[in-house]
Ligand code: ACO
């Protein structure tokens, strides 16, 4: 039986940093409010003209280098993003052209903050059925482009970045399971209300009922981690690391409590990265792999929750 395993990780953050103190000068907020309600201290924001695919290409090349795979060897690209460079061609195909892996399937999907979890799940299945051997899985965003910088309730949260993993076939399971969910009844709690078909509003902006999103996120992520462990017949004590979506430190802490995991076993980057949506899980994973916390053989639980709502998990033997 073929399994997929993560052969390498990579990430990239744009150079420009906006701190909470910078935001104090832009909207009616304070560093203290942002840190205590969200855990965020600073975030990276793309430069003018710097696009989602620009960030993704850098993350992808780092992941490929870590995996020892040449860009031209990639045979499948799954790209999660809600902030594509263009309506079409899709970001996966734009990236494919830059990497020079001509002719291979490449696509992007828009499941908000769960974008990477969806892309990972699909790529895992292509590897397992033998139709892909060098899959590039991306989560990348320029959320700053759909953030209303005059709205204090959202401007303090969102940010830009990219993360990538390379999946390869393996005899032993790397990706043990993925579980995906969505529930459109919550569409009005978190959305960006412009689009090609509906038409573009004068200002493209994320709208969020933060408090209600918070409550549903905690409940759904709690169920998602239970589901992942039950499907694998594992007790929560088997986990080495939780690699959660980085939206809010209080949501992360609630999921860690549910798993009875000390925060030392949870990868937290929200203070440095803010909420980078589809990029947040692969970014956090790459940080912890590169700083040596996550090692080969460790058991990881990845999870994310976003607009839609959409959410998902992956249990991974790294
Ligand atoms: N600075 C100061 N005060 C603020 C700010 C700010 N930046 N933003 C809101 N406030 C005020 C509000 O106006 C309100 O004031 P009031 O009591 O006078 O009415 C007060 O602070 C409390 O507001 P709440 O919204 O209740 O604050 P809460 O503690 O819920 O924190 C937050 C808000 C951080 C948004 C939180 O609800 C959250 O993280 N929600 C979940 C976000 C998330 O997980 N999103 C999912 C993924 S995102 C995606 O898919 C793209």
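Using the Stokes-Einstein relation with a Kirkwood hydrodynamic radius computed over Cα pairs, the translational diffusion coefficient of the stretch 19-136 at 10 °C and a viscosity of 1.306 mPa s comes to 98 µm²/s.
Fewest neighbouring Cβ atoms within 10 Å first, the residues 264, 168, 24 line up as 264, 24, 168. For the stretch 166-208, the Kirkwood estimate of hydrodynamic radius, built from reciprocal distances between every pair of different alpha carbons, is 14.3 Å.
Residue order for 129, 192, 91, fewest other beta carbons within 10 angstrom first, comes to 129, 192, 91.
Within the chain, antiparallel bridges make up roughly 70 percent of the DSSP beta bridges whose residues both belong there.
With the helix formula -39500 (n - 2.57) applied to DSSP H stretches of n ≥ 4, the chain reaches a computed 222 nm mean residue ellipticity of -9500 deg cm²/dmol. Length available on full extension from residue 250 to residue 295: 0.36 nm per residue minus the Cα-Cα distance, which gives 13.6 nm. With 17 Å as the cut-off, how large is the P(r) tail for the stretch 263-310, expressed as percent of Cα-Cα pairs? Tail fraction, whole percent: 35. Stretching residue 25 away from residue 198 to a fully extended chain increases their span by 58.9 nm, per 0.36 nm per residue minus the current alpha-carbon distance. For the peptides 41-47, 4-10, 66-72, the ranking by mean Cβ contacts within 10 Å, running from highest to lowest, is 4-10, 41-47, 66-72. Restricting the calculation to Cα atoms, the chain shows an Rg/Rh of 0.94 when the hydrodynamic-style radius is the Kirkwood one.
Normalised by 2.2 N^0.38 Å, where N is the number of residues, the alpha-carbon radius of gyration of the stretch 63-119 equals 1.13.
Annotation: extensible slack from residue 209 through residue 2 equals 70.2 nm (criterion: 0.36 nm per residue apart, minus Cα-Cα distance).
Summarising the overall dimensions of the stretch 9-62 from its C-alpha atoms, the Rg and Dmax are 13.9, 40 angstrom.
Neighbouring Cβ atoms within 10 Å as the yardstick, rank 268, 196 fewest first.
196, 268
Quick check: from the Cα gyration tensor, does the stretch 239-318 come out rounded (a/c under 1.5), prolate or oblate? Because its axes are fairly even, with a/c under 1.5, the stretch 239-318 counts as rounded. Projected onto planes of every orientation and averaged, the convex hull of the alpha-carbon atoms in the stretch 179-294 covers 8.8 nm².
Set against the 2.2 N^0.38 Å expectation for a compact globular protein, the stretch 121-261 has a Cα radius of gyration ratio of 1.25.
Here, each number is a calculation from the coordinates, and none is a lab measurement. Predicted, not measured: the structure shown is a model, and the values here were computed from it. Because the Cβ atoms are built from the backbone with ideal geometry, glycine has one as well, and the counts that use them run over all protein chains shown.
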